[in-house]
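The values are calculated or read from the model by the stated rules, or taken from the named source; none is laboratory data. Predicted model, so just to flag it, every value in this text is computed and none were measured. Neighbour counts run over all protein chains shown; Cβ positions are idealised from the backbone, glycine included.
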Amino acid sequence: MSGLEQSIDGEVWIRLGSFLGILLLMLLWEQLSPRRVALPQRAWRRTNNLLLVIVNALLVKIIMPFGAVALAFYAQQQQWGLLNHVELPLWLSLMIAIVLLDMLIYWQHRLFHVIKPLWRLHQVHHADMDYDTTTGLRFHPIEIILSMLIKFGAIILLGPVAMAVLIFELMLNGSAMFNHGNIRLSLKLDRPLRWLIVTPDMHRIHHSIHRHEADSNYGFALAIWDRLFGSYQTEPQEGQVNMRFGVKYQQDFQQTSGLWALLKMPFTLNPPMKKDDD
Ligand SMILES: [Zn+2]
Ligand SMILES: [Zn+2]
């Protein structure tokens, strides 16, 4: 389709720079001030999680002919979407788009927990038996592609400016690396921050081995959605330092950490019919 090749100047470098900068910062922070003692074989886990990121980036490049920012430009040209039909100051239009896209991610995430075939994909994110900044990047490629298609639908309906889409994608990527961080943040800082953004102590609960805890704190960037829609949990029952991660029905380290194991997991690891809770 012509008209879908527009981009923001330097977009590739902005994305890559932001990703690598935040990743390195988080790895350093985890090294200097960890919240918990990491599991053995951390290097293996992290390497495979990051290999999955590379596989995903390559696959998306091959499969998706254009990205969300290009689609936002195209929607603007075609006058598609609500925001392309109202006159608003740029700052307000940016804010509305970013907040609504973030809410969409919240509901999409809840959906991936409820619908079984979607959970088979999303369990790849949850099966990680430890929790650090690389966990935040660990998603099955099919989940990534589905998320992109959902986002495309939202862009066509909402009509956000292209800059809002870029800021949103950078924010989501950055906050995923931040809130999966195995980093120490003082409670004095964590608690007030939790009213605004999702902190590591808040999202860590979402990775609990106990399903009723994994089915809480779905937010990725803005913290309000869990409080607003009744899925907020303050602390895990076993405490932040002792809580265990992963899915209860697959606790084999090799089966939950190797690249090939992660890629085939949606097809080979069948979650139990009944949610295993206690
Ligand atoms: Zn989840
Ligand atoms: Zn997560």
Against the condition in a helix (DSSP H, G or I), over 30 Å from residue 245 (Cβ atoms) and in contact with an Asp or Glu (Cβ under 8 Å, 6 or more places away or on another chain), how does residue 75 come out, does it pass? no
Tally the residues that are exposed (fewer than 15 other Cβ atoms within 10 Å of the Cβ) and of a type in the set (Lys, Arg), restricting the search to the stretch 245-264. 1
Would you be able to tell me the number of residues in the stretch 1-46 that are of a type in the set (D, E, K, R), surrounded by 14 or more Cβ atoms within 10 Å (Cβ to Cβ) and more than 14 Å from residue 178 (Cβ to Cβ)? 6
Checked pairs for the stretch 125-140, first without any contact (Cβ under 8 Å) to a residue 40 or more places away in the chain, second near ligand 2 (Cβ under 9 Å from one of its atoms) and assigned to a helix (DSSP H, G or I), C-beta under 8 Å and 6 or more apart or across chains, list as 125/135
For the stretch 132-153, the count of residues that are closer than 16 Å to residue 58 by Cα and assigned to a loop (DSSP other than H, G, I, E, B) equals 3
Going by what's in this entry, would residue 219 be described as loosely packed, with under 14 Cβ neighbours inside 10 Å and modelled with pLDDT of 95 or more? no
Sole exception among (1) more than 15 Å from the chain's Cα centre (by Cα); (2) more than 15 Å from ligand 1 (Cβ to nearest atom); (3) not aliphatic (A, V, I, L, M) for residue 116, by number: (2)
Every residue in the stretch 1-55 that is within 30 Å of residue 255 (Cβ to Cβ), touching a strand residue (DSSP E or B) at 6+ places or on another chain (Cβ under 9 Å) and either part of a helix (DSSP H, G or I) or small (Gly, Ala, Ser) (or both), please. 26, 29, 30
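State the number of residues belonging to the stretch 233-259 that are among the acidic types (Asp, Glu) and within 22 Å of the chain's Cα centre (by Cα).
Selection size over the stretch 233-259: 1.
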With the requirement that a residue be surrounded by 15 or more Cβ atoms within 10 Å (Cβ to Cβ) and assigned to a helix (DSSP H, G or I), what does the stretch 58-72 give you? 68, 69, 70, 71, 72
